Amino acid sequence: TAGIAGTGTDPDMSNNTAADTATVTPVANLLLVKRLQGSTLIHGQHAQYTLQVTDEGPSPAAAPITVTDHLPLGLSYVSASASGWACSANGQVVTCTTSKTLGVGKTDTIELTVLVTATGGKIINKATVTSATTQTSTSGDTSATEPVSVTARGGQSAQGLSTTGADLRRPLTWAILFILLGGIALLASRRRTDRP
């Protein structure tokens with residue numbers, strides 16, 4: 001609000017004051033960091049991921065805050081939980097939402113458990129966070145894990161195990177062939193013995 005005054009007589013004092021109303025829009029910068037607990041994905045076993053959501057300010061991040069994780073093929077949803085968050089899955093899409101405000105400098109951590117169904121290759125897992133508060137930057141809203149190779153339960157690469165299994169066919173084929181040849185030779189020998 002601003003006003004004006006003078007030493008003379010003002011016939012209209014109603015226009016000596018001016019005011020302007022402006023709306024201040026809060027903004028925040030959410031940072032999402034996703035990590036695999038451990039360094040391997042083992043076929044047929046569970047794996048745990050952590051998804052950490054941090055508000056870097058300058059304003060609190062207003063609800064709803066939502067973390068969305070599109071699980072890649074080779075991972076199946078088992079469970080997800082965090083204090084004050086509700087998590088669910090629809091196929092490969094995992095969604096966690098909170099109705100609380102995340103304060104500046106505060107971090108919430110979501111624990112995600114999956115089942116490794118992939119039999120080989122490498123898996124990259126990505127997730128994204130959104131908020132009702134305007135973001136100063138979206139560069140940190142998406143987090144992806146480093147590519148992780150899937151291994152068999154014995155620690156050997158599942159892909160390598162499949163290759164090893166294929167290589168066993170040749171020795172097995174030769175073994176069967178030797179057995180058949182041995183049987184034929186034995187049968188021929190008996191026939192010679194039975195001749196008068």
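Note on segment 28-87: Kirkwood radius taken over Cα pairs, Stokes-Einstein applied at 4 °C and 1.567 mPa s, translational D equal to 95 µm² s⁻¹. Annotation: lysines with alpha-carbon distance below 26 angstrom to Lys106 (same-chain offsets under eight excluded): Lys34, Lys126.
Residues of segment 69-135: accessible area per residue at 1.4 Å, in Å²?
Working: 3270 Å² over 67 residues.
Per residue, segment 69-135 has 49 Å² of solvent-accessible surface.
The values are calculated or read from the model by the stated rules, or taken from the named source; none is laboratory data. Owing to the predicted nature of the structure, the values given are computational and were not obtained by experimental measurement. Note: accessible area is taken over every heavy atom of the protein model, side chains too, but ligands, DNA and RNA are not part of it. Shrake-Rupley method; radii C 1.70, N 1.55, O 1.52, S 1.80 Å.
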